[in-house]
Structure formats: structure tokens, C-alpha cells
Amino acid sequence: MRDPKEPSEPSDLSDEQLMAAYVGGDDGAFRQLFARYAPLVARVVRMHVSSDEESRDLTQQAFLQLHRSRRDYHADRPLKPWLLTIAYNLVRDRWRALGRLREVPLERAPQQVDGTAPADVALENSHRAQRLRSALATLPADQRQVVELHWFAGLPLVDVAATLGVSLSAAKVRAHRAYRRLRETLRSSGKM
């Protein structure tokens, strides 16, 4: 039997096993969970806040909340949706604290990492990103959340459903309607 204080190997345990180990006192398990999920949580949160700094802050708060409520975790349930639900709740709390929905500047475009792409390609990518953000902004919040989690964060619909607290069927319907509406919006603007 493994000593719970002994750090676990990075690739040999599932998320749920790591969480159980962490609840049992294995600090290394928490570090592994953080390494696995901090980038995903930061990406999901970044879609809802106006700065990288705010995204980092909310990501840290999500893991602090995971730590504080670790004893409430049910080992028979998947960890990823539970953690993303914590992150979404923190984003909602931030919006409430601000007293309004956040504003996203439409000019914000993906940054070129290596600067090797020609300027016209970078400009076209910027225009496409702006059109997509504009189309996403037309979706109802429940549909937009499904797209963000499924498409941008790469979660399977079953995890999206668990994260949002809806049935798998509801998540599928929201995804279908959202993707159809995005397709129609982009086609009608002649930008697809």
C-alpha cells in the first residue's frame, strides 16, 4: 500500500485518484492536479475576463477553492467538471462584484508568437477572430458557455453538461443550436 504522504507518479493516476490522494494528505497530488488543469482553467476563465492578470487571479482562486472544499469532493464523480464549475462560479461572483457584465474589446486578437507570418495573413487572422468573437457575442449565454467549453476548451459534451449542471441532452441541444446559429451568423455576414 502506498504511503499517502509519498508523492505519486505523474502519469499513473487518474484525476479522481489524484484528488483522493490529495484528500488523504498527498501534497504532490495537488501539484500534479494544478499542473494538469491550471492551463485549462486559465483558458476558460480568460474568455470571461478582460486581462491575463485577472485570469491568473481567478485560476489561483479556483485552486484555492478546490483546496478548501477538497473534503466535499465525491470520488465517484469526475474531477474536471467539478473544478470548472468552481471556476465558472468565481467568474460569476466577479461579475456580480463588478455590478455588470464584463466588456471585451473587439480589437483584442491573438498575438503572433514568432512574428514570421506576413502582415496580411496576421491581419486576416485578426479579422477572422474579431468576426468570430462578434458572432459568439450574439449567442445566448447558455449556448455561448457550451461552445466555449466544448470548442475552445476541448471538453467532451458529457463534461460540459456536468460543468454547467445540465443533462447531456440539454448540452447537446445547446451545442447544436449554438453551432447552427454561429454558422448562420457567419454565412449571412458573408464572412465564412
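Derivation of every value follows stated rules applied to the coordinates shown; laboratory data play no part. In this text the structure is predicted, and so the values were computed from the model without any measurement. FYI the Cβ positions are ideal-geometry reconstructions off the backbone, even for glycines, and counts take in every protein chain you see.
Tabulated data for the structure shown
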| read-out | value |
| --- | --- |
| Net +/- balance of residues flanking ASP159 in space, Cβ distance below 15 Å, scoring K and R +1, D and E -1 | +3 |
| Gained length - GLN65 relative to ALA38, 0.36 nm times residue gap less alpha-carbon distance | 8.4 nm |
| Within-14-Å neighbourhood charge of TRP82 [Cβ basis; K, R +1; D, E -1] | +1 |
| Tail beyond 17 Å, pair distance distribution of region 33-88 (Cα, percent) | 31 percent |
